[in-house]
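The values are calculated or read from the model by the stated rules, or taken from the named source; none is laboratory data. Owing to the predicted nature of the structure, the values given are computational and were not obtained by experimental measurement. Virtual Cβ from ideal backbone geometry, glycine too; neighbours counted across all protein chains shown. These accessible areas exclude ligands, DNA and RNA; they are computed on the full protein's heavy atoms, side chains included. Shrake-Rupley method; radii C 1.70, N 1.55, O 1.52, S 1.80 Å.
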Amino acid sequence: MKPAIVLYKKLPADLRQKLDEHFSVTAFDELSHQTYPAFLQALKNAEGLIGSGGRIDADLLAQAPKLRAASTISVGYDNFDVDEMTRRNILLMHTPTVLTETVADTLMGLMLATARRIPELDAWIRDGHWNDSLGADHYGTDVHHKTVGILGMGRIGMALAQRAHFGFGMKVLYNTRTPNPEANQKYQAQHCDLDTLLAQSDFVCITLPLTSQTHHMIGRAQLEKMKKSAILINAGRGPVIDENALIEALKDGTILAAGLDVFEREPLPHDSELMKLKNVVLAPHIGSATHETRYGMAACAVDNLIAALNGTVKENCVNPQIAAKN
Ligand code: 8YV
(Lines give C-alpha, C1' and ligand atoms only; values in the text may rest on other atoms or scores of the structure.)
Protein backbone atom coordinates (compact mmCIF):
# COMPACT_ATOMS: atom_id res chain seq x y z
CA MET A 1 0.00 0.00 0.00
CA LYS A 2 1.36 3.38 -0.98
CA PRO A 3 1.38 6.03 1.78
CA ALA A 4 -1.48 8.54 1.52
CA ILE A 5 -0.46 12.14 0.94
CA VAL A 6 -2.24 15.44 0.37
CA LEU A 7 -1.07 17.77 -2.38
CA TYR A 8 -2.39 21.35 -2.23
CA LYS A 9 -0.79 23.00 -5.23
CA LYS A 10 -1.07 22.41 -8.97
CA LEU A 11 2.12 20.73 -10.15
CA PRO A 12 3.59 20.17 -13.63
CA ALA A 13 2.36 16.83 -15.06
CA ASP A 14 5.68 14.98 -14.77
CA LEU A 15 6.06 15.91 -11.10
CA ARG A 16 2.47 14.97 -10.37
CA GLN A 17 3.17 11.60 -12.01
CA LYS A 18 6.26 11.11 -9.85
CA LEU A 19 4.16 11.70 -6.75
CA ASP A 20 1.54 9.21 -8.03
CA GLU A 21 4.25 6.56 -8.50
CA HIS A 22 5.22 6.80 -4.83
CA PHE A 23 2.03 7.78 -3.06
CA SER A 24 -1.72 7.63 -3.06
CA VAL A 25 -2.40 11.33 -3.71
CA THR A 26 -5.42 13.42 -2.79
CA ALA A 27 -4.88 16.60 -4.77
CA PHE A 28 -6.17 20.17 -4.53
CA ASP A 29 -5.04 22.88 -6.93
CA GLU A 30 -4.90 25.30 -4.03
CA LEU A 31 -6.20 25.94 -0.54
CA SER A 32 -9.38 28.02 -0.60
CA HIS A 33 -12.64 28.33 1.33
CA GLN A 34 -14.14 25.84 -1.13
CA THR A 35 -11.39 23.22 -0.87
CA TYR A 36 -10.64 23.55 2.85
CA PRO A 37 -13.25 21.09 4.25
CA ALA A 38 -12.17 18.32 1.83
CA PHE A 39 -8.51 19.15 2.56
CA LEU A 40 -9.11 18.68 6.29
CA GLN A 41 -10.91 15.43 5.64
CA ALA A 42 -8.01 14.11 3.50
CA LEU A 43 -5.49 15.13 6.18
CA LYS A 44 -7.00 12.64 8.63
CA ASN A 45 -5.32 9.74 6.81
CA ALA A 46 -2.34 11.53 5.31
CA GLU A 47 1.23 10.57 6.10
CA GLY A 48 2.60 13.34 3.90
CA LEU A 49 1.66 16.87 2.92
CA ILE A 50 3.04 18.94 0.04
CA GLY A 51 2.15 22.40 -1.23
CA SER A 52 2.78 26.04 -0.47
CA GLY A 53 1.10 28.68 1.63
CA GLY A 54 -1.65 28.00 4.14
CA ARG A 55 -1.29 28.13 7.89
CA ILE A 56 -0.09 24.80 9.21
CA ASP A 57 -0.57 25.41 12.92
CA ALA A 58 -1.14 23.26 16.00
CA ASP A 59 -4.92 23.09 15.46
CA LEU A 60 -4.48 21.82 11.93
CA LEU A 61 -1.76 19.35 12.94
CA ALA A 62 -4.10 17.97 15.60
CA GLN A 63 -6.37 16.92 12.75
CA ALA A 64 -3.57 15.04 10.97
CA PRO A 65 -2.72 12.23 13.43
CA LYS A 66 -0.82 10.11 10.89
CA LEU A 67 1.29 12.90 9.41
CA ARG A 68 5.02 12.05 9.24
CA ALA A 69 6.32 14.72 6.85
CA ALA A 70 5.35 18.04 5.28
CA SER A 71 7.16 19.43 2.27
CA THR A 72 6.72 23.12 1.52
CA ILE A 73 7.39 24.46 -1.98
CA SER A 74 9.21 27.48 -0.56
CA VAL A 75 12.33 28.33 1.35
CA GLY A 76 10.34 30.25 3.98
CA TYR A 77 8.39 28.25 6.55
CA ASP A 78 7.01 30.91 8.87
CA ASN A 79 3.51 29.55 8.15
CA PHE A 80 4.37 26.27 9.94
CA ASP A 81 4.38 25.65 13.67
CA VAL A 82 7.80 23.98 13.64
CA ASP A 83 7.91 23.36 17.40
CA GLU A 84 4.60 21.55 17.29
CA MET A 85 5.74 19.52 14.27
CA THR A 86 8.93 18.52 16.06
CA ARG A 87 6.93 17.59 19.16
CA ARG A 88 4.74 15.40 16.96
CA ASN A 89 7.75 13.89 15.14
CA ILE A 90 6.72 15.39 11.81
CA LEU A 91 9.58 16.28 9.46
CA LEU A 92 9.41 19.67 7.77
CA MET A 93 11.19 19.93 4.42
CA HIS A 94 11.79 23.14 2.43
CA THR A 95 13.47 24.27 -0.80
CA PRO A 96 16.53 26.43 -0.14
CA THR A 97 19.31 26.80 -2.76
CA VAL A 98 17.16 26.25 -5.86
CA LEU A 99 15.65 29.76 -5.69
CA THR A 100 18.66 31.69 -4.42
CA GLU A 101 19.85 33.23 -7.69
CA THR A 102 16.34 34.11 -8.87
CA VAL A 103 15.45 35.91 -5.64
CA ALA A 104 18.75 37.80 -5.80
CA ASP A 105 17.83 38.84 -9.36
CA THR A 106 14.49 40.09 -8.05
CA LEU A 107 16.22 42.14 -5.36
CA MET A 108 18.53 43.68 -7.92
CA GLY A 109 15.54 44.30 -10.20
CA LEU A 110 13.64 46.06 -7.41
CA MET A 111 16.67 48.21 -6.63
CA LEU A 112 16.99 49.26 -10.26
CA ALA A 113 13.26 49.70 -10.87
CA THR A 114 12.84 51.83 -7.75
CA ALA A 115 16.00 53.91 -8.08
CA ARG A 116 15.45 54.56 -11.80
CA ARG A 117 11.66 54.89 -11.38
CA ILE A 118 11.02 52.51 -14.28
CA PRO A 119 7.37 51.55 -13.47
CA GLU A 120 6.43 55.18 -12.82
CA LEU A 121 7.94 56.33 -16.10
CA ASP A 122 6.41 53.39 -17.96
CA ALA A 123 3.02 54.65 -16.74
CA TRP A 124 4.03 58.20 -17.77
CA ILE A 125 4.59 57.06 -21.36
CA ARG A 126 1.36 55.06 -21.47
CA ASP A 127 -0.53 58.08 -20.15
CA GLY A 128 0.65 59.98 -23.23
CA HIS A 129 3.13 62.32 -21.54
CA TRP A 130 6.18 61.73 -23.71
CA ASN A 131 5.44 64.84 -25.70
CA ASP A 132 6.22 66.74 -22.49
CA SER A 133 9.92 67.09 -21.87
CA LEU A 134 11.63 64.75 -19.46
CA GLY A 135 12.97 67.01 -16.75
CA ALA A 136 14.92 66.69 -13.55
CA ASP A 137 11.75 65.86 -11.67
CA HIS A 138 11.74 62.55 -13.57
CA TYR A 139 15.35 61.68 -12.94
CA GLY A 140 16.27 58.71 -10.84
CA THR A 141 19.21 57.99 -8.61
CA ASP A 142 22.30 55.90 -9.39
CA VAL A 143 22.69 52.34 -8.20
CA HIS A 144 26.27 51.60 -9.28
CA HIS A 145 29.05 52.39 -6.83
CA LYS A 146 26.60 53.17 -4.04
CA THR A 147 26.43 51.39 -0.67
CA VAL A 148 24.06 48.49 -0.17
CA GLY A 149 23.23 47.30 3.33
CA ILE A 150 21.97 43.73 3.41
CA LEU A 151 19.93 42.45 6.34
CA GLY A 152 20.68 38.73 6.50
CA MET A 153 23.72 37.18 4.81
CA GLY A 154 22.44 33.69 4.07
CA ARG A 155 22.33 32.21 0.59
CA ILE A 156 20.19 34.99 -0.87
CA GLY A 157 22.16 37.74 0.84
CA MET A 158 25.37 36.24 -0.56
CA ALA A 159 23.96 36.08 -4.09
CA LEU A 160 22.86 39.71 -3.80
CA ALA A 161 26.28 40.74 -2.46
CA GLN A 162 27.93 39.03 -5.42
CA ARG A 163 25.78 40.97 -7.90
CA ALA A 164 26.21 44.25 -6.06
CA HIS A 165 29.97 43.92 -5.65
CA PHE A 166 31.04 42.49 -9.00
CA GLY A 167 28.22 43.73 -11.23
CA PHE A 168 27.65 47.20 -9.83
CA GLY A 169 30.85 48.06 -7.97
CA MET A 170 28.87 48.65 -4.81
CA LYS A 171 30.16 48.73 -1.26
CA VAL A 172 28.45 45.95 0.72
CA LEU A 173 27.53 46.28 4.40
CA TYR A 174 25.58 43.59 6.20
CA ASN A 175 24.00 42.86 9.53
CA THR A 176 23.68 39.34 10.88
CA ARG A 177 23.99 37.75 14.30
CA THR A 178 27.38 36.30 13.35
CA PRO A 179 29.77 37.63 10.68
CA ASN A 180 30.08 35.66 7.45
CA PRO A 181 33.81 35.35 6.64
CA GLU A 182 33.06 34.15 3.10
CA ALA A 183 31.08 37.34 2.35
CA ASN A 184 33.88 39.46 3.79
CA GLN A 185 36.49 37.71 1.71
CA LYS A 186 34.65 37.25 -1.60
CA TYR A 187 32.68 40.50 -1.75
CA GLN A 188 34.68 42.69 0.64
CA ALA A 189 31.48 42.89 2.64
CA GLN A 190 31.65 44.58 6.04
CA HIS A 191 29.73 43.25 9.01
CA CYS A 192 28.22 46.04 11.09
CA ASP A 193 25.52 46.75 13.65
CA LEU A 194 22.04 47.64 12.44
CA ASP A 195 22.30 51.36 13.28
CA THR A 196 25.55 51.74 11.32
CA LEU A 197 24.08 49.87 8.36
CA LEU A 198 20.95 52.04 8.36
CA ALA A 199 22.94 55.27 8.64
CA GLN A 200 25.44 54.46 5.89
CA SER A 201 23.45 52.57 3.24
CA ASP A 202 21.96 54.04 0.08
CA PHE A 203 19.96 50.83 -0.33
CA VAL A 204 18.78 48.73 2.59
CA CYS A 205 17.81 45.26 1.36
CA ILE A 206 15.91 42.78 3.49
CA THR A 207 16.58 39.09 2.85
CA LEU A 208 15.50 37.90 6.30
CA PRO A 209 12.98 35.22 7.17
CA LEU A 210 10.08 36.08 9.48
CA THR A 211 10.69 35.04 13.09
CA SER A 212 9.78 36.51 16.45
CA GLN A 213 13.17 38.31 16.35
CA THR A 214 12.72 39.83 12.88
CA HIS A 215 9.04 40.86 13.24
CA HIS A 216 8.86 44.68 12.81
CA MET A 217 12.64 44.90 12.92
CA ILE A 218 12.30 47.98 10.70
CA GLY A 219 9.92 50.48 12.30
CA ARG A 220 9.74 54.25 12.68
CA ALA A 221 12.90 54.46 14.78
CA GLN A 222 14.95 52.49 12.24
CA LEU A 223 13.52 54.38 9.24
CA GLU A 224 14.57 57.62 10.92
CA LYS A 225 18.14 56.35 11.10
CA MET A 226 18.26 55.90 7.31
CA LYS A 227 19.46 58.57 4.89
CA LYS A 228 16.72 60.78 3.44
CA SER A 229 17.99 59.66 0.01
CA ALA A 230 17.86 55.96 0.90
CA ILE A 231 15.76 53.25 -0.72
CA LEU A 232 14.34 50.30 1.25
CA ILE A 233 13.94 46.97 -0.55
CA ASN A 234 12.12 43.93 0.87
CA ALA A 235 11.97 40.46 -0.66
CA GLY A 236 12.14 38.57 2.65
CA ARG A 237 8.82 38.67 4.48
CA GLY A 238 6.44 41.62 4.77
CA PRO A 239 6.09 41.78 8.56
CA VAL A 240 9.85 42.37 8.98
CA ILE A 241 8.82 45.98 8.22
CA ASP A 242 6.18 47.86 10.20
CA GLU A 243 4.20 48.77 7.08
CA ASN A 244 2.29 51.68 8.65
CA ALA A 245 5.59 53.22 9.76
CA LEU A 246 6.98 52.73 6.25
CA ILE A 247 3.95 54.41 4.65
CA GLU A 248 4.44 57.44 6.92
CA ALA A 249 8.17 57.52 6.14
CA LEU A 250 7.49 57.41 2.40
CA LYS A 251 4.91 60.18 2.68
CA ASP A 252 6.89 62.56 4.87
CA GLY A 253 10.25 62.16 3.12
CA THR A 254 12.02 60.28 5.92
CA ILE A 255 13.32 57.98 3.16
CA LEU A 256 13.24 58.41 -0.61
CA ALA A 257 11.47 55.28 -1.83
CA ALA A 258 10.79 51.56 -1.36
CA GLY A 259 10.68 48.49 -3.59
CA LEU A 260 8.50 45.79 -2.07
CA ASP A 261 7.86 42.20 -3.09
CA VAL A 262 6.32 41.15 0.23
CA PHE A 263 3.71 42.74 2.49
CA GLU A 264 2.18 42.47 5.92
CA ARG A 265 -1.00 41.22 4.26
CA GLU A 266 -0.94 39.30 0.99
CA PRO A 267 -2.59 39.80 -1.40
CA LEU A 268 -2.09 43.51 -0.71
CA PRO A 269 -5.53 44.96 0.19
CA HIS A 270 -7.00 47.20 -2.53
CA ASP A 271 -7.24 50.10 -0.13
CA SER A 272 -3.59 49.91 1.00
CA GLU A 273 -2.02 53.37 1.19
CA LEU A 274 0.99 51.87 -0.61
CA MET A 275 -1.06 51.78 -3.81
CA LYS A 276 -1.36 55.58 -3.75
CA LEU A 277 2.34 56.35 -3.35
CA LYS A 278 4.47 57.10 -6.42
CA ASN A 279 7.73 56.48 -4.58
CA VAL A 280 7.06 52.79 -4.08
CA VAL A 281 7.44 49.93 -6.53
CA LEU A 282 5.14 47.01 -5.82
CA ALA A 283 5.63 43.39 -6.89
CA PRO A 284 3.18 40.58 -6.05
CA HIS A 285 5.56 38.26 -4.14
CA ILE A 286 7.41 37.22 -7.29
CA GLY A 287 10.82 36.68 -5.67
CA SER A 288 11.12 33.14 -6.99
CA ALA A 289 8.44 33.31 -9.68
CA THR A 290 10.18 32.29 -12.89
CA HIS A 291 9.26 29.19 -14.90
CA GLU A 292 12.66 27.63 -14.27
CA THR A 293 12.83 28.30 -10.56
CA ARG A 294 9.23 27.45 -9.72
CA TYR A 295 9.71 24.13 -11.54
CA GLY A 296 12.95 23.54 -9.66
CA MET A 297 11.29 24.30 -6.32
CA ALA A 298 8.39 21.93 -7.03
CA ALA A 299 10.80 19.17 -8.15
CA CYS A 300 12.90 19.70 -5.02
CA ALA A 301 9.80 19.55 -2.80
CA VAL A 302 8.66 16.30 -4.44
CA ASP A 303 12.08 14.71 -3.89
CA ASN A 304 12.10 16.06 -0.33
CA LEU A 305 8.79 14.38 0.45
CA ILE A 306 9.89 11.08 -1.07
CA ALA A 307 13.10 11.16 0.98
CA ALA A 308 11.27 12.14 4.17
CA LEU A 309 8.69 9.36 3.92
CA ASN A 310 11.36 6.83 2.90
CA GLY A 311 13.57 7.75 5.84
CA THR A 312 16.43 8.87 3.57
CA VAL A 313 16.61 12.59 4.41
CA LYS A 314 20.02 14.09 3.65
CA GLU A 315 19.30 17.80 3.24
CA ASN A 316 16.59 20.48 3.17
CA CYS A 317 15.15 19.46 6.52
CA VAL A 318 14.11 22.17 8.97
CA ASN A 319 13.98 19.86 12.01
CA PRO A 320 16.69 17.24 11.24
CA GLN A 321 16.79 16.07 14.86
CA ILE A 322 13.70 13.99 13.99
CA ALA A 323 15.36 12.38 10.96
CA ALA A 324 18.33 11.50 13.15
CA LYS A 325 16.01 9.89 15.70
CA ASN A 326 14.02 7.80 13.17
C1 8YV B 1 7.44 31.07 -2.44
C2 8YV B 1 8.86 32.39 -1.01
O3 8YV B 1 7.53 30.55 -3.64
O4 8YV B 1 10.19 30.46 -1.03
C5 8YV B 1 9.67 31.34 -0.36
O6 8YV B 1 9.81 31.41 0.87
O7 8YV B 1 8.56 33.38 -0.48
C8 8YV B 1 8.42 32.20 -2.38
O9 8YV B 1 9.55 31.94 -3.13
C10 8YV B 1 6.06 31.52 -2.13
O11 8YV B 1 5.88 31.32 -0.77
C12 8YV B 1 5.00 30.79 -2.93
O13 8YV B 1 5.25 29.43 -3.02
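Structure data summary
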quantity	calculated
Residue 210 being within 16 Å of the ligand (Cβ to nearest atom) and touching an Asp or Glu at 6+ places or on another chain (Cβ under 7 Å)	yes
Residue that is nearest to the ligand (Cβ to nearest atom) [pool: residues in the stretch 288-320 that are hydroxyl-bearing (Ser, Thr, Tyr) and in contact (Cβ under 8 Å) with a residue 12 or more places away in the chain]	288
Counted residues, the stretch 227-258 - those being away from the ligand (no atom under 16 Å from the Cβ), open to solvent by less than 10 Å² (accessible area, probe 1.4 Å) and not in a helix (DSSP H, G or I)	6
Which numbered condition residue 116 misses (of (1) at pLDDT below 95; (2) surrounded by 13 or more Cβ atoms within 10 Å (Cβ to Cβ))	(1)
Condition met for residue 7 (touching a residue at least 12 places away in the same chain (Cβ under 8 Å), within 14 Å of the ligand (Cβ to nearest atom) and open to solvent by less than 30 Å² (accessible area, probe 1.4 Å))	yes
Single match in 50, 73, 5 (criterion: within 24 Å of residue 236 (Cβ to Cβ) and out of contact with any Leu (no Cβ under 6 Å at 6 or more places or on another chain))	73
Filter result for the condition that a residue is in contact with a helix residue (DSSP H, G or I) (Cβ under 6 Å, 6 or more places away or on another chain), surrounded by fewer than 19 Cβ atoms within 10 Å (Cβ to Cβ) and not in a loop (DSSP other than H, G, I, E, B), over 199, 159, 183, 123	199
Residues located in the stretch 68-90, provided they are away from the ligand (no atom under 16 Å from the Cβ), open to solvent by 10 Å² or more (accessible area, probe 1.4 Å) and either in contact with a His (Cβ under 9 Å, 6 or more places away or on another chain) or in contact (Cβ under 8 Å) with a residue 24 or more places away in the chain (or both)	68, 81, 84, 86, 88, 89
Test result for residue 30, at pLDDT below 95, open to solvent by 20 Å² or more (accessible area, probe 1.4 Å) and either within 15 Å of the ligand (Cβ to nearest atom) or among the aromatic types (Phe, Trp, Tyr) (or both)	yes
Within the stretch 279-294, considering residues that are more than 11 Å from the chain's Cα centre (by Cα) and β-branched (Val, Ile, Thr), the one surrounded by the fewest Cβ atoms within 10 Å (Cβ to Cβ)	290
When residues of the stretch 33-59 are limited to those that are among the charged types (D, E, K, R) and more than 16 Å from the ligand (Cβ to nearest atom), the one most open to solvent (accessible area, probe 1.4 Å)	59
Subset tally (residues that are among the small types (Gly, Ala, Ser), free of Cβ contacts under 8 Å to residues at least 40 places away in the same chain and on the phi < 0 side of the Ramachandran plot) for the stretch 125-162	5
Count of the stretch 202-226 residues which are on the phi > 0 side of the Ramachandran plot and open to solvent by less than 60 Å² (accessible area, probe 1.4 Å)	0
